[in-house]
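Nothing in this text is a laboratory measurement; each read-out follows from the coordinates by a stated rule. Quick caveat, the model's predicted, so the values are computed rather than measured. Here Cβ is always computed from backbone atoms with ideal geometry, including for glycine, and neighbour counts include all displayed protein chains.
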Amino acid sequence: MSTQSPRFKAEAHRQALAVTKSDLASADQAFIDAISDYACLERDS
């Protein structure tokens, strides 16, 4: 499926809303931030 298709965009939006409404949204975002920071450190060293 193309990432430019309306169906893909609608599904991505639906999933993003589900994540933001989750009780674990803050913990999930903290995890993403932590691994993103780690990946940057690995790349820059």
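Using a Förster distance of 30 Å, how high is the FRET efficiency between GLN29 and PHE8, based on the Cβ-Cβ distance and rounded to 0.05?
So, using R0 = 30 Å, E works out to roughly 0.85.
GLN29: net charge of surrounding residues, Cβ under 14 Å, Lys/Arg +1, Asp/Glu -1, itself excluded?
-3
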